[in-house]
Amino acid sequence: MSAIPTYATERLACWDKAKELRQRYYQRYRDIKDKGGIRWAGGAWSLGAVPAGLGRDVACLTSEPYGASIAFDRAFSMKCMEAVERHGFARDLCSYMRNYWGSVLLDRYAFGGKFPKPDFLWQDHICCSHSKWYQVVSDLEGGIPYYCTDVAVGPAHEIDDNKIEYVVGQLLDGIEWMEKVTGRTYDDGLLAEACINEFQSTSTWAEICNLNKARPAPLDEKSMYSLYVHGTLEKHSREVADFYAELRDEVADRVARGVGAIEHERCRLISDTQPPWGFLKVFRYLEDFGALSIGSLYTFGLIGLWEDKPDGSWGPRTTPMAAGVDLGSREKVLRAYVEWNLHKPEWQHFYSPHLKSEMMLRICKEWNVDGVMLHYNRGCEGLSLGIAENRLALIEAGYPVLPFEGNMGDEREFDEARTMARMDSFMETLNLQRIG
Amino acid sequence: MITAGIDMGARTIKALVLRDGEPLGKSLVLAGFDTEASAKEALQAALADACVERSDVSRIVATGAGRDDAPDKDATLTDVGCAVRGAARLFPGVRTVIDVGAEEGRAIRCDEAGKVVDFAINEKCAAGSGAFTEAMARALEVPIEDLGALSLQSTKTIPMNAQCAVFAESEVVSMIHGNVAKPDMARAVHDAIASRIVSMARKVGYSAPVVLVGGVARNVGFVDSLRRGLEVEALSIPEEPEFCSALGAALAAAEGATGGAR
Amino acid sequence: MFERFKEVYAQRHDYARAWKERTGGKLLGFFCTYVPEEILYAADVLPVRILGSHEPQDVTEAHIFGMFCPFCRDCLAQGLKGRFDYLDGLMIAQSCLHIRQAYTSWEKHRPVEFSYYLNMPHKVKSPRAKKFLAGELAGFVRAVEEWTGKTITDEKLREGIEVMNRSRGLMRCFYDLRRADPPPVTGAEALAVVLSNQMSDKREHSDQLEQTIGKLEGRTPPEQAAGTRLLIVGSEDDDMQFFEMVERVGGTIVTDEHCTGTRYFWNQVELNGGSPLEAIAARYCDRPPCPTKDWEIRDRVEHILKLAREWECKGAIVIQQKFCDPHELDTPAIKKALEAAGVPVLLLEFDVTVPVGQFQIRVEAFLEMLEAEDLF
């Protein structure tokens, strides 16, 4: 039997800051009206830099991370689910959405107090549920002004002016709409600032994920969930852009000193789709075998932006600022912003699962991955889209794959015992036994 | 060397004693509420059947859904690993193992050496387990042990929804009200379960020889439906299909398996 | 009177093969009613809609996760089983997520000569949508030209528009006849007409339908057309067995709002001086929307209430395809609106096969309830 490798491990220095940043975000959303500010709600992909042009006292509540936060609290989540079902909605709908609606129906904010009603809704639409989610929210809250931008214009390699103009046009219309609804005058300087922050934070996040190519991997996916979340909350803010820069420096330092995420890394896996939020222990369980998940297309590409580097590898996307793109007018900024977002890796599989398979295989190759765990997530039709074809492609390429069914946000649909049994079988297939 | 395997299934516990690769004794008990006690009972009965003492046994491996609860074991191994080991021992050269128990159905692909390459287990919303036949037998008011033979009397194929066990059950009720002959309904039920299993088998990719194990393999009606669904000449079925995993566990014990919980 | 329509629906593959042999033309299978068939007719290609066969199957689990709707899996099964192997082309217009998987898996594992994913916009109500779609259609036209080797002139486009418009006009006419009390046709007969419309050469279908409409003027309504007037609302629905059951037990389906029914043919292409492509784009943006495109406001609700009013429906059956998210998101609002307008609603969840016996009990109870309301 070959020797089990042993690496130094260390707690992340910026761990506490990560937690604090998240708490402050949710508190700010709740408390901003007391200071005369305004708040909006929408998806994590909502092109949130655009409402930032309304002022420095604008806070947002992004739906999916909020839904995930509720999922951590299984008792509260259960109440939300039941409230939504009593209201006549089906159980197989997006579980983030049901957690969110439940929170509204029960008038209980997951971060203390009553549910803070947004002044307007600003949403993006790419998965079927997105636009309808806030249609229902608007109804539930007695008619909140609602604007949604369609970004489903096709895969990145087919982008052309017609597509960019369609999305930019909607954003221009949206800005006029926001001015009417809020009574505020729009500030293009603030828009540019917010977009630049977003270019930075999303590119830096990709840098961080890129560092996980090292052996030992400096980060494990479970920890990454607590770090990527900021990109889903407010990637257009200076705080997040700065935090990611700080985090990147720390992770680069770990790589330089050979510090790993787990002590006995001997098997590198990737996962996919959102994890079952109420059962993240499945990731800790892997460590008993010397296995860890070093990330996924989901963690890397939900907010990270990537490109082909000159050496043929996948790396962080060059920002428009670094590429010398002219950001001197509202239209130009929006163009750059739209084009940037249309390259999002997690938007490609909406057009074909085979595009996602290619990216997953690329990650397996460049990050030296030994196997894949696929969460067949009943709670998200958007990210589980095409997952069966991804599995086929991975198997065809020779990677062992463990599919396991579950739900990111509805604990009734996750069978812990059965999933652990499957993981045991998978470890056997990989010839891994428990260490120590 | 004498080893033992104990399969802590959802419904029944099977124990098998092995000496130098040959089964020596075995037993099957219903899994009571106190599974530890039932496990002890099964092991004692198997030892008695084999005419050996506990001290004669060098190693015990436990498998099955309740394997971590087996009170007397040296290691555990999953159902997937044990079913394949048992099947490969009984039918060397096996490439596909289908294991249908009370609560779960599994399709496992292995290589020429009998090593697991890929596996699938029935997902939610699937009527691919023994519990479903039992529910159907009740609905049809036919003793479960007679259901298989009854279905072989039918020559009709009546499509039944095989996606959802609940939907399927209401279809049976409709058929009863529609005066469909019992043999035809029994066959429809078996075709439906087999269809779920075939679907899983296609997912992992299957090829002959196909071995069928697990308690449901005794149901001749299901066996016929499965053979037709897979479009294979024949299925290899051990004489006592419910003991295959216990055999596999005992073989793993002889190999010196050390995996699993303490 | 409706035998020919029923035959086309029941023997759709024989029909398609015969058409191909007769004309030597190309056949394209499509998913989703947002596919601009005008352009295909302009290129002398016959578009045929792909629907499922309502049989349980065991071939799609490896390709589509079971949480997605049974319909998309049923459609893919047809492709995997080679039932459509006469197709030269395959396409989809972007609408819901689930059906996309039928397209992307079919295209990979049973490749055809020509395949296309049209980026039909979702925000059809944005002032920017029509221009965007016209641009996407231009790209589609170029792709079809390359495939067929034909040039699609404005003249050919106008011809294609005429074929589609004529068909839609006749379908509207036919449905208008069902406003009569009692209607001259049963819902099952009408279903055969609307389904065969989607699977055959519309020129032939229109000729047939025109004749049939003529004959209907003098027809004594069949007995089953005199039942309680019902509206059917849903996603896709070609459950002939279900329609026949409803009409056997005393209901009559007089109109519908689903995508194998009125949503398919409701509005025309209006040639208002702009280019044919612009006119086509406008038609698809303005048509009664699929729930995936019905936002930020729900226009479907008004449209459904109008249908219920104008066809004097006593009750509505909402057919919810299992796992279909877009419809599940609309159904509570639709149910609420219909009930507020005095139209009771029966909600049924469908799979590829339906438990007819169980549904009959529910439908009978619903009809009793509707009739009882009349007495008080």
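The values are calculated or read from the model by the stated rules, or taken from the named source; none is laboratory data. As the structure is a prediction and not an experimental result, all values here were calculated from the model. Ideal geometry is used to build each Cβ from the backbone, glycine not excepted, and the neighbour counts take in all protein chains shown.
Of everything in region B:165-190 that is at the interface with chain C (Cβ under 7 Å from one of its Cβ atoms) and either in a helix (DSSP H, G or I) or under 19 Å from residue B:103 (Cβ atoms) (or both), the residue that is modelled with the lowest pLDDT is B:167. Applying the set (1) out of contact with any strand residue (DSSP E or B) (no Cβ under 6 Å at 6 or more places or on another chain); (2) within 11 Å of chain C (Cβ to nearest Cβ); (3) surrounded by fewer than 19 Cβ atoms within 10 Å (Cβ to Cβ) to residue A:177 leaves exactly one unmet item: (1). Checked across region B:78-90, the condition of being assigned to a loop (DSSP other than H, G, I, E, B), surrounded by fewer than 24 Cβ atoms within 10 Å (Cβ to Cβ) and either modelled with pLDDT of 90 or more or among the small types (Gly, Ala, Ser) (or both) holds for no residue. Taking the numbered list (1) closer than 21 Å to residue A:67 by Cα; (2) surrounded by 22 or more Cβ atoms within 10 Å (Cβ to Cβ); (3) free of Cβ contacts under 8 Å to residues at least 60 places away in the same chain in turn, residue A:280 passes all entries but (2). Among the residues of region B:28-35, is any in contact (Cβ under 8 Å) with a residue 40 or more places away in the chain and surrounded by 23 or more Cβ atoms within 10 Å (Cβ to Cβ)? The answer is no; no qualifying residue exists. Using the structure shown, decide if residue A:390 is closer than 22 Å to residue A:277 by Cβ, crowded, with 24+ Cβ neighbours inside 10 Å and at pLDDT below 95. For residue A:390, the condition - closer than 22 Å to residue A:277 by Cβ, crowded, with 24+ Cβ neighbours inside 10 Å and at pLDDT below 95 - is not met. Taking the criterion of being farther than 16 Å from residue B:36 by Cβ and modelled with pLDDT of 95 or more, the residues of region B:5-17 that qualify are B:5, B:16, B:17.
Scoring residue C:148 on the criteria (1) farther than 30 Å from residue C:250 by Cα; (2) modelled with pLDDT under 95 leaves a single failure, condition (2).
Answer with yes or no whether residue B:198 is in contact with a helix residue (DSSP H, G or I) (Cβ under 9 Å, 6 or more places away or on another chain), outside any loop (DSSP other than H, G, I, E, B) and away from every other protein chain (no Cβ under 11 Å). The answer is no for residue B:198.
One residue is enough: does region B:208-230 have a residue meeting the conditions polar (S, T, N, Q) and within 25 Å of residue B:112 (Cα to Cα)? Scanning region B:208-230 turns up no residue that is polar (S, T, N, Q) and within 25 Å of residue B:112 (Cα to Cα).
Taking the residues in region C:98-139 that are assigned to a strand (DSSP E or B) and touching a residue at least 60 places away in the same chain (Cβ under 8 Å) as candidates, determine which candidate is nearest to the other protein chains (Cβ to nearest Cβ). Among those that are assigned to a strand (DSSP E or B) and touching a residue at least 60 places away in the same chain (Cβ under 8 Å), it is C:118. Looking only at region C:325-373, residues that are in contact with a strand residue (DSSP E or B) (Cβ under 7 Å, 6 or more places away or on another chain) and either touching a residue at least 12 places away in the same chain (Cβ under 8 Å) or within 13 Å of chain B (Cβ to nearest Cβ) (or both) come to 20 in all.
Among the residues here, residue A:60 does not qualify as hydrophobic (A, V, I, L, M, F, W, C), surrounded by fewer than 19 Cβ atoms within 10 Å (Cβ to Cβ) and closer than 25 Å to residue A:223 by Cα. Looking at residue A:50, is it among the β-branched types (Val, Ile, Thr), in contact with a helix residue (DSSP H, G or I) (Cβ under 7 Å, 6 or more places away or on another chain), surrounded by fewer than 21 Cβ atoms within 10 Å (Cβ to Cβ) and in contact (Cβ under 8 Å) with a residue 12 or more places away in the chain? In short, no. Of all residues in region B:1-18, those that are polar (S, T, N, Q) and surrounded by fewer than 24 Cβ atoms within 10 Å (Cβ to Cβ) total 1.
Criterion first (more than 15 Å from the chain's Cα centre (by Cα) and away from chain A (no Cβ under 14 Å)) does residue C:310 satisfy it? Answer is yes for this residue.
Of the residues in region B:174-187, at least one is within 22 Å of the chain's Cα centre (by Cα) and either among the aromatic types (Phe, Trp, Tyr) or on the phi < 0 side of the Ramachandran plot (or both). Just to verify a result, which residue in region A:120-143, among those that are in contact with a strand residue (DSSP E or B) (Cβ under 8 Å, 6 or more places away or on another chain) and either modelled with pLDDT under 95 or part of a helix (DSSP H, G or I) (or both), is surrounded by the fewest Cβ atoms within 10 Å (Cβ to Cβ)? My answer is A:138. Within region C:32-59, the set of residues being within 14 Å of chain B (Cβ to nearest Cβ) and over 17 Å from the mean Cα position of the chain (by Cα) comprises C:55, C:56, C:57, C:58, C:59.
Yes/no matrix, rows are residues, columns are (1) within 11 Å of another protein chain (Cβ to nearest Cβ); (2) of a type in the set (Val, Ile, Thr):
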site: B:202; (1), (2): yes, no
site: B:209; (1), (2): no, no
site: B:220; (1), (2): no, yes
site: B:232; (1), (2): no, yes
site: B:237; (1), (2): no, yes
site: B:241; (1), (2): no, no
site: B:247; (1), (2): no, no
site: B:253; (1), (2): no, no
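Scanning region A:144-170 for residues that are surrounded by fewer than 19 Cβ atoms within 10 Å (Cβ to Cβ) and aromatic (Phe, Trp, Tyr) yields a count of 0. Listed by position, the helices (runs of 4 or more DSSP H) contained in region C:274-376 that have at least 1 residues being surrounded by 21 or more Cβ atoms within 10 Å (Cβ to Cβ) and not hydrophobic (A, V, I, L, M, F, W, C) are C:276-286, C:299-310, C:325-340.
May I ask you to verify whether residue C:267 is modelled with pLDDT under 95 and surrounded by fewer than 20 Cβ atoms within 10 Å (Cβ to Cβ)? Taking the combined requirement at face value, the residue does not satisfy it.
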